[in-house]
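Novice: Let me begin by handing over the structure; questions about it come next.
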Amino acid sequence: MELEFWGVRGSAPVSGRNQVKIGGHTPCAALRSSAGDLLIVDAGTGIMRLGERVMGNSGKAAFGVNILFTHFHLDHVIGLPFFAPLYSSQAAIVFYSPAAPKETERYLAGIQTGRYFPVSFRETASQKKVLKAEESGFEVGRFRVSYCPLNHPQGSVAYRIEEGGGSVVFATDTEPPDSGRDERLAAFIHGADYFIYDATFTPREYRVRQGWGHSTWLEGTRLAGREA
């Protein structure tokens, strides 16, 4: 599979010379399977440019898109109303989250209602399906996907995505437990080829921000090193 990042920032998009190297968009990543299945993780502002790419490559043919949501905090869904395939009758989009389908649809529709946005989620032209992600695992085309609950206000999950012997874990928006190590997450990432982890704070910043639901690069390396 192929992995591409379209947004890696948390909380809010940013701009300026200091952000050029890593980029300023909020979370969004895309994976392509060997069969061409498109699987997107989160719909931060990075999904806007991804949507332009998808539409540019689709021509006049019908196409499918699958989107996993780790959780519904604004920085992880704010780009969805600007995702071009959402407005294309050629697109069939399947949304996945650990929540019940009606709850997921309510969250997604909520950012495109009333005074917030001129077009409602249900009015968009794409074919839409909302499914519940199963913790033990489920199939998305050639991908095998499972998830692990994380320590974050109002909840979040890590996704493990596998195909053809390769594996990647997305574990954004999480904080180490009081015990110092998330043993459940450590077991979940065991054997993964790539581990993407929350590095919102430096270790020094984290000392005065415990309880915010985020972590450090140091904790990520500790988890990865333990499983190497």
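Novice: When Phe170 is evaluated against the numbered criteria (1) at pLDDT below 95; (2) of a type outside the set (D, E, K, R); (3) closer than 17 Å to Leu3 by Cβ, which criterion, by number, is the only one it fails?
Specialist: (1)
Novice: While we're here: Can you pull out every residue in the range 206-228 that is in a helix (DSSP H, G or I) and open to solvent by 70 Å² or more (accessible area, probe 1.4 Å)?
Specialist: Selection gives Trp217, Thr221, Arg222, Arg226.
Novice: Would you confirm whether any residue within the range 94-117 is open to solvent by 30 Å² or more (accessible area, probe 1.4 Å), in a helix (DSSP H, G or I) and hydrophobic (A, V, I, L, M, F, W, C)?
Specialist: no
Novice: Sticking with this one: For Lys129, indicate whether it is within 23 Å of Ser156 (Cα to Cα), of a type in the set (D, E, K, R), surrounded by fewer than 22 Cβ atoms within 10 Å (Cβ to Cβ) and in contact with a strand residue (DSSP E or B) (Cβ under 6 Å, 6 or more places away or on another chain).
Specialist: Yes; evaluated as a whole, the condition is true for this residue.
Novice: Still on this structure, please answer the following. (1) in a strand (DSSP E or B); (2) over 16 Å from Leu39 (Cα atoms): which one isn't true of Ser136, the others all being true?
Specialist: (1)
Novice: Name every residue in the range 48-76 that is farther than 17 Å from Lys128 by Cα and in a helix (DSSP H, G or I), in order of residue number.
Specialist: Result: Met48, Arg49, Leu50, Glu52, Arg53, Gly56, Asn57, Ser58, Leu74, Asp75, His76.
Novice: Of all residues in the range 161-189, which are touching a residue at least 24 places away in the same chain (Cβ under 8 Å), open to solvent by 30 Å² or more (accessible area, probe 1.4 Å) and not in a loop (DSSP other than H, G, I, E, B)?
Specialist: Passing the criteria: Arg184, Phe188.
Novice: Looking at the range 139-159, which of the residues that are part of a loop (DSSP other than H, G, I, E, B) and out of contact with any helix residue (DSSP H, G or I) (no Cβ under 9 Å at 6 or more places or on another chain) is surrounded by the fewest Cβ atoms within 10 Å (Cβ to Cβ)?
Specialist: Checking each candidate, the answer is Gln154.
Novice: Oh, and also: Suppose we keep only residues that are touching a residue at least 40 places away in the same chain (Cβ under 8 Å) and under 11 Å from Met55 (Cα atoms) within the range 72-92. Which one would you say is surrounded by the fewest Cβ atoms within 10 Å (Cβ to Cβ)?
Specialist: Only one residue tops the list, namely Leu86.
Novice: How many residues are over 15 Å from Phe69 (Cβ atoms), part of a loop (DSSP other than H, G, I, E, B) and open to solvent by less than 60 Å² (accessible area, probe 1.4 Å) when one looks only at the range 11-34?
Specialist: Adding up the residues that qualify gives 6.
Novice: Within the range 190-203, track down each residue that is exposed (fewer than 14 other Cβ atoms within 10 Å of the Cβ) and in contact with a strand residue (DSSP E or B) (Cβ under 9 Å, 6 or more places away or on another chain).
Specialist: Gly191, Asp193, Tyr194, Thr202, Pro203
Novice: For the range 36-50, state whether one or more residues are touching a strand residue (DSSP E or B) at 6+ places or on another chain (Cβ under 7 Å), open to solvent by 60 Å² or more (accessible area, probe 1.4 Å) and modelled with pLDDT of 95 or more.
Specialist: Here is the first cut: in the range 36-50, the ones touching a strand residue (DSSP E or B) at 6+ places or on another chain (Cβ under 7 Å) are 37-47, 49-50.
Those still in the list that are open to solvent by 60 Å² or more (accessible area, probe 1.4 Å) too: 49.
Subset that is modelled with pLDDT of 95 or more: 49.
Yes.
Novice: Determine the pairs where a residue that is among the aliphatic types (A, V, I, L, M), located within the range 1-23, has a partner that is assigned to a loop (DSSP other than H, G, I, E, B) and open to solvent by less than 60 Å² (accessible area, probe 1.4 Å) with Cβ atoms under 8 Å apart, the partner being 6 or more residues away or on another chain.
Specialist: Met1/Ser33; Val8/Gly23; Val8/His25; Val8/Pro27; Val8/Gly46; Ala12/Thr26; Val14/Gly24
Novice: Check the range 218-227 and report whether any residue there is among the β-branched types (Val, Ile, Thr), within 22 Å of the chain's Cα centre (by Cα) and at pLDDT 95 or above.
Specialist: Step one: list which residues in the range 218-227 are among the β-branched types (Val, Ile, Thr), which gives 221.
With the extra rule that they be within 22 Å of the chain's Cα centre (by Cα), the set shrinks to 221.
Filter once more, so that each one left must be at pLDDT 95 or above: none.
No; the residues of the range 218-227 include none that is among the β-branched types (Val, Ile, Thr), within 22 Å of the chain's Cα centre (by Cα) and at pLDDT 95 or above.
Novice: Separate question: Going by the structure shown, is Ser136 open to solvent by less than 70 Å² (accessible area, probe 1.4 Å) and of a type outside the set (A, V, I, L, M)?
Specialist: Values: open to solvent by less than 70 Å² (accessible area, probe 1.4 Å): no; of a type outside the set (A, V, I, L, M): yes.
Against the criterion (open to solvent by less than 70 Å² (accessible area, probe 1.4 Å) and of a type outside the set (A, V, I, L, M)), Ser136 does not qualify.
The values are calculated or read from the model by the stated rules, or taken from the named source; none is laboratory data. Fair warning: this is a prediction, and the values are worked out from it, not measured in the lab. Every residue, glycine as well, gets a Cβ built from its backbone with ideal geometry; the counts of neighbours run over all protein chains shown. Protein only, heavy atoms only, side chains kept; ligands, DNA and RNA dropped before computing areas. Shrake-Rupley method; radii C 1.70, N 1.55, O 1.52, S 1.80 Å.
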